[in-house]
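First the structure, in the form of structure tokens, and then the observations on it.
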Amino acid sequence: MWTAIISIVISGIITDNIIFSQTLGICPFLGVSKKLDSAVGMGLAVTFVIVLSSVVCHFLYMLLELLELTYLQTILFILIIAALVQLLDIVLKRVSPSLYTSLGVYLALITTNCAVLGTANSVVANGYGLLETFIAALSVGLGFTLALILMAGVREKVARSSIPKPFHGFPIALIIAGIMAMAFYGFGGLSF
């Protein structure tokens, strides 16, 4: 039991990182990772939505199985994710206006973030129970947050560095992302 949970955690955070291994969630990864505080806020917001939507979608999928309506899975999951993001939008606006302002348009992009839908589909496809679903979703969210924080740290350092003009902005971000993906690929041999 514990080895399965540890395997899920390590897989979600490192070996099967949603950004570097599965290439899901690239838009906010490249867009929000310019400043560390925005990256942390976005990572935590996405983690919250991934966990909550995966758990809710887990229960709804069980209902769909009982009713033999599993072909409605994607549509229902998208609706649930959109509703949860709207709830997060309202809560952040009231609780943390500065974080809400710093996230700006990227908060609305969580609705269309394929990492959220991909995680919900993945936990259902793997046949996880409720505890495994929660741990897998939390691990994927933490892996997403880790990738954002690492990228933001490197991009802040690069912004203060002297690099050739053709590499300024998006090109250097893609090069950094590629190098980071290769580094995470090196953890692929870990297994329990």
Original post:
Share of segment 113-168's accessible area from carbon and sulfur, percent, 1.4 Å?
Top reply: 66 percent
Original post:
What is the calculated FRET efficiency for T23 to A108, with r their C-beta to C-beta distance and R₀ = 25 Å, to the nearest 0.05?
Top reply: 0.70
**OP:** Mind putting a number on the dipole of segment 33-100 about its Cα centre? Charges go on the C-beta only, +1 for Lys and Arg and -1 for Asp and Glu, and I need it in Debye to the nearest 20.
**Re:** 420 debye
Original post:
What list of ³J(HN,Hα) values in whole Hz, one per residue of segment 11-23 in order, does the Karplus curve 6.51 cos²θ - 1.76 cosθ + 1.60 (θ = phi - 60°) give from phi, with Gly and Pro shown as x?
Top reply: 5, x, 8, 10, 5, 10, 3, 4, 8, 7, 9, 9, 6
Original post:
How about segment 108-176: which chymotrypsin sites (Phe, Trp or Tyr not before Pro) there lie in a loop by DSSP and see at most 16 other Cβ atoms within 10 Å?
Top reply: none
**OP:** Using the Karplus curve 6.51 cos²θ - 1.76 cosθ + 1.60 with θ = phi - 60°, work out ³J(HN,Hα) for each residue of segment 39-49 in order, rounded to whole Hz, and write x for Gly and Pro.
**Re:** 5, 5, x, 5, x, 5, 5, 5, 4, 4, 5
Subject >> Positive-end residue of V91, L117, G31, charge dipole of segment 1-159 with Cβ unit charges >> reply: G31
Subject >> Phi to ³J(HN,Hα) by Karplus 6.51 cos²θ - 1.76 cosθ + 1.60 over segment 116-121, Hz, x for Gly, Pro >> reply: 5, 5, x, 5, 4, 5
**OP:** With no solvent and one equal point scatterer per Cα, compute the Debye intensity ratio I(q)/I(0) for segment 132-192 at 0.17, 0.28, 0.29 Å⁻¹ and report its log10, rounded to two decimals.
**Re:** -0.70, -1.20, -1.22
Subject >> Over segment 1-145, equivalent-ellipsoid semi-axes from the Cα gyration tensor in Å >> reply: 25, 19, 12
Original post:
If you roll a 1.4 Å probe over segment 50-105 with all protein chains in place, what percent of the accessible area is carbon or sulfur?
Top reply: 71 percent
Subject >> Accessible area per residue, Å², the chain with all protein chains present, probe 1.4 Å >> reply: 53 Å²
Original post:
Quick one: putting +1 on the C-beta of Lys and Arg, -1 on the C-beta of Asp and Glu, what dipole do you get for segment 46-191 around its Cα centre, in Debye to the nearest 20?
Top reply: 740 debye
Original post:
What trypsin sites (Lys or Arg not before Pro) does segment 100-192 have in DSSP loop regions with at most 16 other beta carbons within 10 Å?
Top reply: R160
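The values are calculated or read from the model by the stated rules, or taken from the named source; none is laboratory data. On a predicted model such as this, the values are computed, not experimentally measured, just so you know. Ideal geometry is used to build each Cβ from the backbone, glycine not excepted, and the neighbour counts take in all protein chains shown. Surface accessibility is based on the protein's heavy atoms, side chains included, excluding ligands, DNA and RNA. Shrake-Rupley method; radii C 1.70, N 1.55, O 1.52, S 1.80 Å.
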